[in-house]
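The values are calculated or read from the model by the stated rules, or taken from the named source; none is laboratory data. Predicted model, so just to flag it, every value in this text is computed and none were measured. So basically every Cβ, Gly included, is an ideal-geometry build from the backbone, and we count neighbours across all protein chains shown.
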Amino acid sequence: MFRTLSFALLVTASPLALMSSPALAQEETITRQAADAFGEQMGVDRVGLYNEAQVRGFDLQQSAAYRIDDHYFVRATGLSESIMGGLSVKVGASAAGLSLPSPSGVVVYRLREPGTTNGIKVNAGFRDFATVHTEAETTLVSGDGRLAVVATVIAEPFNNSSSGQSGAVYDAGAVIAWRPDSRSQVRLFGAYQKRDFDGYYIVIPSGDREPPPLPRTTTFAPDWSRAAYRDTNAGVLYDGDFGDWRVGASLTYSAFGGERTDVAVLLTDGDGNAMRTTYYCPPQESHATAAEVKLTRRIVTGAFRHDVGIALRARSSGTDLAQPVGIDGGSFNIRERPADGPAPVLPDTVPTGHDSVEQTMLSLTYNLAWADRLDLRLGAHQSRYDKTTRQPGTVLAQQRSQDNWLYNASAVVRASQRLRLFASYVTGLEESGVAPASAVNRGEVLPPVESKQWEAGASYDLRPGLTLIAAWFDITKPVAGLRSDGRYDLVGDVRHSGYEVSLSGQVTPATNVVLGAVLLRPRLSGQPVASGQSLDIPPGVSYTNTTVNVEHQFNNGWSVDGQLLFEGRRRMTPVSRTEVPGVTFLTLGARYDFRIADRPVTGRFQVVNALDQKGYYATPSSALVPIWSRTWRLAFNTAF
């Protein structure tokens, strides 16, 4: 603790603090930034019902539903903090307005934006579990204002987690914004992040009862295990508006490099008795390249505006496959961490394979707007999908090619000055995986599946700056699994239908709220349910989620905020009727704006999991994720 405190004080008092050109230190807060309660992130702050990984109970990674400011993006890893200004989860009417919507929803990343003048921002302090966080952001602007660069360096040399892992994180990135003229903008971005930690561990229930809570901040991975990897993201985005013509183009690259990703699996019963197997995972790489060109022509006839568009998108992605090596770690009770023996002799080589995907998509779109009363959008997308997989230890590659037409249609009707009604239908393509080693068709590539979503809702402005949104949605998609004859294939359907509500905005000039709730009805059907292999309710999906976020600003520079997130009960495994209880997660915070030597400074303090909840989150993979223990955050930022 002493060395982390010393490091933070050293950075705060570094030569950066001697530079001049004062600027405002206060940043937009996440509660004021969020347009609705469906998901918003800025740095470590998050609000909303959904997040970057899961929306409406589904994993978005399978549908590649990610964008960078409405530009097509296929990720091997998410954007790192050094270039990401934030992200928003788009569902409902906000998702329908995207050039390429997707069932379940879309995560839209926002790049960091350069300031309007030269300057440096410094942030230093502690994040969760006394993690030292230091950040320096530099903006350089040309004399005519057309070229601007924002570069950020982040260092967390003593990074700690609730699960007892410790390590280091270093992140550096830059965004270059160039305006060659008043009608167009080019943005280049690049980031490199390196992480090096102790090995991971996960809890898998071995019986019909939930295991007892794990001891806090205690790692159950052996000392010799390691998780070390690097993330890279880079790209160029172009946007041009030439009167009746709009042009967009992008080229992005995303890569994940795993030097080691060891994981210890704790097969644990309801009394806490566990058997540990640690899987040594050798170096593996994954990458994704995405390209997009889109052109839109606007035609105005009286009160009607027509936008006719065409777009071409392409992606190429690849992932190394390797056969993990399991190493027995013996039996113990999770109430006490087991003693580690000597490090095993790890193999020099392991069986490897490769998975690659090539996809092209030609899109035709039409948008009709009528005097701010009607917004109608139609889209047709012809997709060509090719996937090749070679399983570890084999020389034979399996291929699958498929052509699909995907569609989207939406309408937003302004029924009154305050009331808007919306409805939409969208289809998308998602990967269904490869047959596992336990199947008789081991290694066979399954075809991509088509998911569908229907949605209808309304938004109502209770007052300027305060909006209520309510919606109904219904999402269906095929699921893969083992058939009774041992073949891995598409065996049924999963359906998530539900209702969601959001209230966000200013209640008073000094008080902002983000309130939301979702009632979800997840259901499975098909052969696994009929044969008793699975219950009709999928695991790891909450039936009810609610969020309450409130921020109040005082006149003396202080503001206080609170976030109450309740995630409802979840079924523990596909065949167990046991439900992991819901969790009430409370975060309390305060912010204070003050001055030191006539320089603006913002201090931020938070208590995370203030109620000190214990237990687990259930996941769709049947792994149990321990709930974070109570922790705190403290940060100071200023600008020069």
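Yes or no: Thr360 among the β-branched types (Val, Ile, Thr), in contact (Cβ under 8 Å) with a residue 24 or more places away in the chain and under 18 Å from Gly433 (Cβ atoms)? Taking the combined requirement at face value, the residue does not satisfy it.
Listed by first and then second residue, the pairs with beta-carbon distance under 7 Å, at least 6 apart or on different chains, first residue in the stretch 241-262 and surrounded by fewer than 18 Cβ atoms within 10 Å (Cβ to Cβ) and of a type outside the set (Val, Ile, Thr), second in a loop (DSSP other than H, G, I, E, B) and at pLDDT 90 or above, are Asp241/Arg183; Phe242/Arg183.
Would you mention how many residues in the stretch 154-186 are touching a Phe, Trp or Tyr at 6+ places or on another chain (Cβ under 8 Å), closer than 26 Å to Val236 by Cα and among the hydrophobic types (A, V, I, L, M, F, W, C)? So the count comes out to 7.
When you scan the stretch 547-580, how many residues do you find that are of a type outside the set (S, T, N, Q), touching a residue at least 40 places away in the same chain (Cβ under 8 Å) and closer than 19 Å to Arg630 by Cα?
Adding up the residues that qualify gives 2.
For the stretch 204-227, the tally of residues that are surrounded by fewer than 22 Cβ atoms within 10 Å (Cβ to Cβ) and either more than 24 Å from Gly257 (Cβ to Cβ) or among the charged types (D, E, K, R) (or both) stands at 14.
Of the residues making up the stretch 444-471, just one is surrounded by fewer than 20 Cβ atoms within 10 Å (Cβ to Cβ), outside any strand (DSSP E or B) and touching a Leu at 6+ places or on another chain (Cβ under 9 Å), namely Pro447.
Residue pairs whose Cβ atoms lie under 8 Å apart, sitting 6 or more positions apart in sequence or on different chains, and linking a residue in the stretch 370-384 that is under 19 Å from Thr296 (Cα atoms) and modelled with pLDDT under 95 to a partner that is among the aromatic types (Phe, Trp, Tyr) and assigned to a strand (DSSP E or B), are Trp370/Phe304. Within the stretch 153-173, the residues that satisfy the criterion of being over 24 Å from Val263 (Cα atoms), under 21 Å from the mean Cα position of the chain (by Cα) and crowded, with 19+ Cβ neighbours inside 10 Å are Ile154, Gly173. Checking Val265, Val247 one by one, the residue that is under 23 Å from Arg187 (Cβ atoms) and touching a strand residue (DSSP E or B) at 6+ places or on another chain (Cβ under 8 Å) is Val247 and no other.
For Val548, are the conditions met, namely being at pLDDT 95 or above, closer than 21 Å to Arg46 by Cα and of a type in the set (A, V, I, L, M)?
When the stated conditions are applied, Val548 passes them.
At pLDDT 95 or above and either over 19 Å from Arg32 (Cβ atoms) or assigned to a strand (DSSP E or B) (or both), is that true of Thr573? Judged against the criteria, Thr573 is not a match. Restricting the stretch 207-255 to residues that are over 20 Å from Gln284 (Cα atoms) and polar (S, T, N, Q), which is modelled with the lowest pLDDT? My answer is Thr217.
Is it the case, given these coordinates, that Thr547 is surrounded by fewer than 16 Cβ atoms within 10 Å (Cβ to Cβ) and either among the β-branched types (Val, Ile, Thr) or in contact with a His (Cβ under 7 Å, 6 or more places away or on another chain) (or both)? So Thr547 does not fit the description; no.
Can you tell me which residues in the stretch 354-379 are hydrophobic (A, V, I, L, M, F, W, C) and assigned to a strand (DSSP E or B)? Answer for the stretch 354-379, where residues must be hydrophobic (A, V, I, L, M, F, W, C) and assigned to a strand (DSSP E or B): Val357, Met361, Leu362, Leu364, Leu368, Ala369, Trp370, Leu374, Leu376, Leu378. Taking strands (runs of 3 or more DSSP E) as the structural unit, those lying wholly within the stretch 267-341 and holding at least 1 residues that are surrounded by fewer than 18 Cβ atoms within 10 Å (Cβ to Cβ), at positive phi and not aromatic (Phe, Trp, Tyr) correspond to 325-333.
Report every pair of residues separated by at least 6 positions or lying on different chains whose Cβ atoms are under 9 Å apart, first residue within the stretch 342-356 and within 14 Å of Asp223 (Cα to Cα), second of a type in the set (Asp, Glu). Partner pairs satisfying both residue conditions: Ala343/Asp223.
Residues in the stretch 428-452 that are closer than 18 Å to Arg56 by Cβ and either at pLDDT 95 or above or among the basic types (Lys, Arg) (or both): 1 in all. State which residue is surrounded by the fewest Cβ atoms within 10 Å (Cβ to Cβ) when the search covers only the stretch 510-544 and only residues that are modelled with pLDDT of 90 or more and touching a helix residue (DSSP H, G or I) at 6+ places or on another chain (Cβ under 7 Å). Among those that are modelled with pLDDT of 90 or more and touching a helix residue (DSSP H, G or I) at 6+ places or on another chain (Cβ under 7 Å), it is Asn512. Here Leu564 passes the criteria (1) under 22 Å from the mean Cα position of the chain (by Cα); (2) crowded, with 18+ Cβ neighbours inside 10 Å except the one numbered (2).
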